[in-house]
Amino acid sequence: PLPNSVVVGGRVAGRLVRNHHEMAAALGLRERGVFNDALLAVSQYMRARGMLPEAESDDEGAEMLLVAGIAMEWCGGGQHAPPLEQVVFRFHGRRIPLRGPDMVAREYFRVISDW
């Protein structure tokens, strides 16, 4: 067993978490609504400023961002923080962590200009 394993009756029953990332993964928070809400907030921001003219809805704008290769990571930010403060965005193949819709919008246009 690993040093952070919980052993019950000679078998590994689970493991202790080391940080908030592991806790979120253990609780399934990565797949829950925080990511969806944050992505929709970015889409809404970009649509309101005319940056996604092809998108007829926030859901369609979010889909365009996903097609462009956006990925999200949970970074914490507090239990009551808005979704955009709990998520860091990245585009596939790029190392730059993006916080907030302005940074996402700039990187989105760089990504699509490389296509």
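The values are calculated or read from the model by the stated rules, or taken from the named source; none is laboratory data. Predicted model, so just to flag it, every value in this text is computed and none were measured. Positions of Cβ are generated from backbone atoms using ideal geometry, with glycine treated the same way; all protein chains shown enter the neighbour counts. Quick note on the areas: whole protein, heavy atoms, side chains included, nothing else; ligands and nucleic acids left out. Shrake-Rupley method; radii C 1.70, N 1.55, O 1.52, S 1.80 Å.
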Requested in this report: Examine the stretch 42-55 for a residue that is surrounded by 13 or more Cβ atoms within 10 Å (Cβ to Cβ), at pLDDT 95 or above and within 14 Å of the chain's Cα centre (by Cα), and state whether such a residue exists.
Outcome: yes
Report summary line: From the option list 94, 90, 47, single residue qualifying as assigned to a loop (DSSP other than H, G, I, E, B) and charged (D, E, K, R) is 94
Report task. Among the numbered conditions (1) open to solvent by 50 Å² or more (accessible area, probe 1.4 Å); (2) in a helix (DSSP H, G or I); (3) at pLDDT below 95, tell me where residue 60 comes up short. Result -> (3)
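Just to check your reading of the model, which residue among 40, 52 is over 20 Å from residue 19 (Cβ atoms), in contact (Cβ under 8 Å) with a residue 12 or more places away in the chain, in a loop (DSSP other than H, G, I, E, B) and touching an Asp or Glu at 6+ places or on another chain (Cβ under 9 Å)?
Details: 40 fails: in a loop (DSSP other than H, G, I, E, B).
Criteria check complete, one pass: 52.
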**Report entry** Residue satisfying all of: in the stretch 63-89; within 20 Å of residue 114 (Cβ to Cβ) and touching a Gly at 6+ places or on another chain (Cβ under 9 Å); least open to solvent (accessible area, probe 1.4 Å) among these
**Finding:** 89
